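Participant: Please read through the structure below; I'll follow up with questions.
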Amino acid sequence: MCFPEDLPEETIEIDLPESERTCPQTGAERRIIRWEQTEKIHFLPGHFKRLVIRRAVRAVPFSAQQASGEPVETPVLTAEMPAEYRVIPGAVATAGLLAYLMVAKYCDHLPFYRLQQIFHRRHRVVIDRNAMCHWIGRCEELLERLHEAQRKELVSGQYLQIDETFIKLLDPDSPGKARKSYFWVIVRPREGVLFQFDPGRAHTVALEMLEGFAGRLQSDGFAAYGTLAAKNPGLTRFACWAHVRRKFVEALDCNGAAAAWYVAEIQRLYRIEAEAREKGIDHGGRTALRIQRSVPVLATIKARLDADRLGGCHLPSSPLAKAMNYTVGLWTELTRYAEPGNGMVEIDTNLVENAIRPSAIGKKNWLFIGHPKAGQRSAVIYTMVENCRLHGIDPLAYLTDVMPKLVDREAGADVTDLLPRQWKAARSAE
């Protein structure tokens, strides 16, 4: 690492608290005998700054010890380093610089090699990519506590959406070769999101993520979710009409008029949902609207599906036949959203797909995950920044503030109050 000599500099002096400046044994004042000096590199949006942190070292004068009449051993005390400068013990980076590195990669989608070039070109600051990776790994260890707290909060609710997206992983057993790995994502609409990385697509990943969950789970038609529902009697499965619509849209080129009829009917279902949002009606009102208007449309679609499939007018291998078979296979799960008591359930899983989208943009820039451990590190940080986005929080301000608090929070202590939604509520109350 290399930092220019003319980097803007700020000196911060930290003294002992008033309560510790007087020796309880002698009653004498502990005087400053020297300053313990440490240099840190801080980043504020747009520029770097060198911080010279001078911590007071105080001790009782020898004459005051002699005046007490008896030999007294009084400790030499050094002012404590503030938590924002010891997020990573011994590292030159402050909480602000560490937070910026995470935001730059996981919000602004800048790979570290490009960030290294930007620092050197614009600020004449050289920070090795390996150092950045090491720092982010240490930050992930700190944020892992929030990741688990977020998971527990989400599964305590009554309704979740789940999806997965593939990402390239460099295989440590086959250097130079990439294979598919996955980010699994669960969302409680408008309340929270959680990312989990896994090298595979086995249903065991979803089982682990949803441990303790009993309620409504909405997903696409991936077989693992059916297995999950079968193993968990407390789980009610819902399907996604957006996936159904895409399959009929794909059939338009080969089966134009017939596929277009299904697309138009599905669009009627979506117009009903849009009307409910525009009117701002509650879950009970949405249920009543669906029973009155969506259920007849669903019945019309089902009647046409049965007639078309029985009629044998379309080749089994045609896109339209595949779309119809997919729809019929999930019909119970697709229509369950319009049943009484399910007003909280959306018509599709677009909310979880929206949460995934930033990671999809990111992987176009940094291309692949270099190691399975780096995959979970990314999942933890994506969880934090996406919850910030969901609740309208500046992730740079959030991470800069929360990481030092985690440093001072005892291991095993509850950290739910530091999750983005609760953090924002506390700041608003203040």
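Participant: Quick one: Karplus J couplings for region 206-214, per residue in order, coefficients 6.51, -1.76, 1.60, θ = phi - 60°, nearest Hz, x for Gly and Pro?
Facilitator: Karplus-based 3J(HN,Hα) across region 206-214 equals 4, 4, 5, 4, 9, 4, x, 8, 9 Hz.
Participant: Against the longest alpha carbon principal axis of the chain, how many degrees, from 0 to 90 and to the nearest 10, is the axis of helix 350-366 turned?
Facilitator: It is inclined by approximately 60 degrees.
Participant: Turning to a different aspect of this structure: Cα atoms only, region 366-430: Rg and Dmax in Å?
Facilitator: Looking at region 366-430, its Cα Rg and Dmax stand at 13.5, 42 Å.
Participant: Follow-up. In deg cm²/dmol and to the nearest 500, what is the mean residue ellipticity at 222 nm of the chain if only DSSP H runs of at least 4 residues count, each as -39500 (n - 2.57), divided by the residue total? List each step's numbers first, then the result.
Facilitator: Numbers: 16 runs with 207 residues, N = 430.
Mean residue ellipticity at 222 nm (helix-derived): -15000 deg cm²/dmol.
Participant: Rounded to a whole number, what is D in µm²/s for region 14-135 from Stokes-Einstein with the Kirkwood radius over alpha-carbon pairs (4 °C, 1.567 mPa s)? Can you show the working numbers first?
Facilitator: On the way: Rh = 17.2 Å.
Translational D for this selection: 75 µm²/s.
Participant: Oh, and also: Leaving out same-chain residues fewer than 8 places away, which lysines sit with a Cα under 18 Å from that of Lys247?
Facilitator: By straight Cα distance, Lys247 reaches Lys302, Lys322.
Participant: Can you bin every Cα-Cα distance in region 283-430 into 10 Å intervals starting at zero and give me the percent of pairs per bin, rounded to whole numbers?
Facilitator: Calculated over all Cα pairs of region 283-430, the distribution is 9, 22, 22, 23, 17, 7, 1 percent.
Participant: Please compute the Kirkwood hydrodynamic radius over region 85-223, one decimal place, Å, based on all pairs of different Cα atoms. Could you put the intermediate results ahead of the total?
Facilitator: Details: mean 1/r = 0.0571 Å⁻¹.
Computed over region 85-223, the radius equals 17.5 Å.
Participant: How long are the semi-axes of the ellipsoid equivalent to the chain, from square roots of 5 times the Cα gyration tensor eigenvalues, in whole Å, largest first? Intermediate results must be reported in sequence, preceding the final value.
Facilitator: Numbers: eigenvalues 637, 123, 65 Å².
Three semi-axes, in Å: 56, 25, 18.
Participant: Working from Cα positions, state the angle (0 to 90°, nearest 10) between the long axis of helix 112-123 and the longest principal axis of the chain.
Facilitator: The two axes meet at around 50 degrees.
Participant: Still on this model: Could you tell me what percent of the DSSP beta bridges with both partners in the chain are antiparallel, to the nearest 5?
Facilitator: Details: 34 of 48 bridges.
Bridges in the chain that DSSP calls antiparallel: roughly 70 percent.
Participant: Alpha carbon centre of region 141-173 versus region 370-395: separation in Å?
Facilitator: Cα centres, region 141-173 to region 370-395: 9 Å.
Participant: For Tyr159, what residues show an amide H to amide H distance below 5 Å, using hydrogens built from the backbone and excluding near sequence neighbours?
Facilitator: The list, which skips near neighbours in sequence, is Arg216.
Participant: Which value, in debye to the nearest 20, describes the size of the charge dipole of the chain about its Cα centre when Lys and Arg Cβ atoms bear +1, Asp and Glu Cβ atoms bear -1, and nothing else is charged? Before the final figure, lay out each step's value.
Facilitator: Values: 57 positive and 53 negative charges, 309 e Å.
Computed charge dipole of the chain: roughly 1480 debye.
Participant: Give me the angle, in degrees from 0 to 90, between the Cα long axis of helix 420-429 and the longest principal axis of the Cα atoms of the chain, rounded to the nearest 10.
Facilitator: Helix 420-429 sits roughly 60 degrees off the main axis of the chain.
Participant: Let me see the pair-distance distribution of region 105-186: every alpha carbon pair, 5 Å bin width, integer percents in order.
Facilitator: Pairs per bin, as whole percents: 3, 10, 11, 16, 20, 16, 12, 7, 3, 1, 0.
Participant: Right, another one. Based on alpha-carbon positions alone, could you give the equivalent ellipsoid semi-axes of region 162-256 from the gyration tensor, as √(5λ), descending, whole Å?
Facilitator: Values: eigenvalues 122, 105, 31 Å².
After diagonalising the Cα gyration tensor, the semi-axes are 25, 23, 12 Å.
Participant: Less than 15 Å Cβ to Cβ from Arg309, Lys/Arg counted +1 and Asp/Glu -1: what total charge do the surrounding residues give? Provide the component values of the computation, followed by the final result.
Facilitator: Working: positive: Lys247, Lys302, Arg304, Lys322; negative: Asp306, Asp308.
Within the 15 Å Cβ shell, the charges total +2.
Only the coordinates and a few stated rules stand behind these numbers; no lab work does. As the structure is a computational prediction, the values presented were derived from the model and not from experiment. We place every Cβ from the backbone using ideal geometry, glycine too, and count neighbours over all the protein chains shown.
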